[in-house]
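What follows is a set of notes on a single structure, which appears directly below.
What follows draws every value from the coordinates through simple rules; no lab data is involved. Please read all numbers here as calculations on a predicted model, not as lab measurements. Note: ideal-geometry Cβ built from the backbone for every residue, glycine included; neighbour counts use all protein chains shown.
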Amino acid sequence: MPAVLPPAPFLYAILDTDFLAGRSVGALVADLVAGGAGLLQLRAGRESDERFLALAREGVAASRAAGVPLLINDRPDIARVVGADGVHVGQEDLPADVVRGLLPAGALVGLSTHDAAQVEEAGRMPVDYVAVGPVFPTHTKDRPSPVVGLDLVRWARTATRLPVVAIGGITSGTAGAVIAAGADAVAVISGLLSEREVDRAAARFREALG
Ligand code: 3NM
């Protein structure tokens, strides 16, 4: 089944395995979706391939049960093997067109961008959405790009017809302003996973999106 993005505005919850803190991927997926997350991503930069694969299987099973698409960060091979709904790549990962060629028809492919030139280039790539960030300072990513602020979100909205996903340091207190600046979605790690009750945290974001 081809995956589709949820209607805008939507909450994109990124399950970064650095934030599991003993919780299971399956339980987090269920709670995030219960709170209103419309799209999920599994990100596991520091895990072994073997563990990434196992967590991806668990995430896909839970996301299917919850009826929400789940993308795998950076790894089309793992996405394919576990039957994930797509892949998200960054500027230094495999090019988006190569990734698309490795995935079944109908898979979702997203691309991170950090400046205007990269947003424009994304518009020429076979991607389903463009992520723009970091919108605010973030402690989550190693070596983040310079903060782009809401200005790049506003500019991206005018420069591309792709859905715009804003990322980086977004809280439920700032999510509304991010959407007002033109984003279709907010992608969030610490604002969700640093909380003990992630379903309630997701619901606060969902409410802020309007
Ligand atoms: N990518 P948090 S910022 C994974 O700018 C990631 O492309 C970014 O985590 C980018 O919501 C970021 O905790 C970290 O700030 C997002």
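Might you check whether a residue that is more than 20 Å from ASP16 (Cβ to Cβ), surrounded by 24 or more Cβ atoms within 10 Å (Cβ to Cβ) and within 13 Å of the ligand (Cβ to nearest atom) occurs anywhere in the range 158-174?
Step one: of the range 158-174, the residues more than 20 Å from ASP16 (Cβ to Cβ) are 158-164, 173.
Now restrict to residues that are surrounded by 24 or more Cβ atoms within 10 Å (Cβ to Cβ): 164.
When the remaining residues are screened for being within 13 Å of the ligand (Cβ to nearest atom), the result is 164.
Yes, the range 158-174 contains at least one residue that is more than 20 Å from ASP16 (Cβ to Cβ), surrounded by 24 or more Cβ atoms within 10 Å (Cβ to Cβ) and within 13 Å of the ligand (Cβ to nearest atom).
So which residues in the range 143-180 are of a type in the set (A, V, I, L, M) and within 21 Å of ALA37 (Cβ to Cβ), if there are any at all?
As a first pass, look at the range 143-180 and keep what is of a type in the set (A, V, I, L, M): 147-148, 150, 152-153, 156, 159, 162, 164-167, 170, 175, 177-180.
If the condition is that a residue be of a type in the set (A, V, I, L, M) and within 21 Å of ALA37 (Cβ to Cβ), then VAL153, LEU162, VAL164, VAL165, ALA166, ILE167, ILE170, ALA175, ALA177, VAL178, ILE179, ALA180 are the ones that fit.
Considering the range 182-203, the residues that are away from the ligand (no atom under 14 Å from the Cβ) and touching a Gly at 6+ places or on another chain (Cβ under 8 Å) include one that is nearest to PRO6 (Cα to Cα), namely ALA203.
Condition check for LEU209 on (1) surrounded by 22 or more Cβ atoms within 10 Å (Cβ to Cβ); (2) away from the ligand (no atom under 12 Å from the Cβ); (3) of a type outside the set (Lys, Arg): one failure, at (1). Could you look through the range 101-114, keep only residues that are in contact (Cβ under 8 Å) with a residue 24 or more places away in the chain and either part of a loop (DSSP other than H, G, I, E, B) or more than 12 Å from the ligand (Cβ to nearest atom) (or both), and pick out the one that is nearest to ALA183 (Cα to Cα)? The qualifying residue nearest to ALA183 (Cα to Cα) is HIS114.
Each row is one residue, and each column tells you yes or no for (1) exposed (fewer than 15 other Cβ atoms within 10 Å of the Cβ); (2) touching a residue at least 40 places away in the same chain (Cβ under 8 Å).
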position: GLU58; (1), (2): no, no
position: VAL68; (1), (2): no, yes
position: ASN73; (1), (2): no, yes
position: ASP85; (1), (2): no, yes
position: VAL99; (1), (2): no, no
position: ALA116; (1), (2): no, yes
position: VAL119; (1), (2): no, yes
position: PRO126; (1), (2): yes, no
position: TYR129; (1), (2): no, yes
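Taking residues in the range 132-150 that are β-branched (Val, Ile, Thr), and partners anywhere that are surrounded by fewer than 17 Cβ atoms within 10 Å (Cβ to Cβ), the pairs with Cβ atoms closer than 6 Å and at least 6 places apart or on different chains are THR138/PRO144; VAL147/PRO137.
Yes/no matrix, rows are residues, columns are (1) among the aromatic types (Phe, Trp, Tyr); (2) part of a helix (DSSP H, G or I); (3) touching a strand residue (DSSP E or B) at 6+ places or on another chain (Cβ under 8 Å):
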site	(1), (2), (3)
SER145	no, no, no
ALA166	no, no, yes
ARG200	no, yes, no
ARG206	no, yes, yes
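Restricting attention to the range 126-140 and to residues that are within 15 Å of ALA159 (Cβ to Cβ) and within 8 Å of the ligand (Cβ to nearest atom), the residue that is farthest from the chain's Cα centre (by Cα) turns out to be VAL132.
Can you tell me how many residues in the range 59-100 are in a helix (DSSP H, G or I) and closer than 27 Å to ALA34 by Cβ?
Going residue by residue through the range 59-100, those that are in a helix (DSSP H, G or I) are 59-66, 76-82, 96-100.
Pick out the ones that are also closer than 27 Å to ALA34 by Cβ and you get 59-66, 78-79, 82.
Count: 11.
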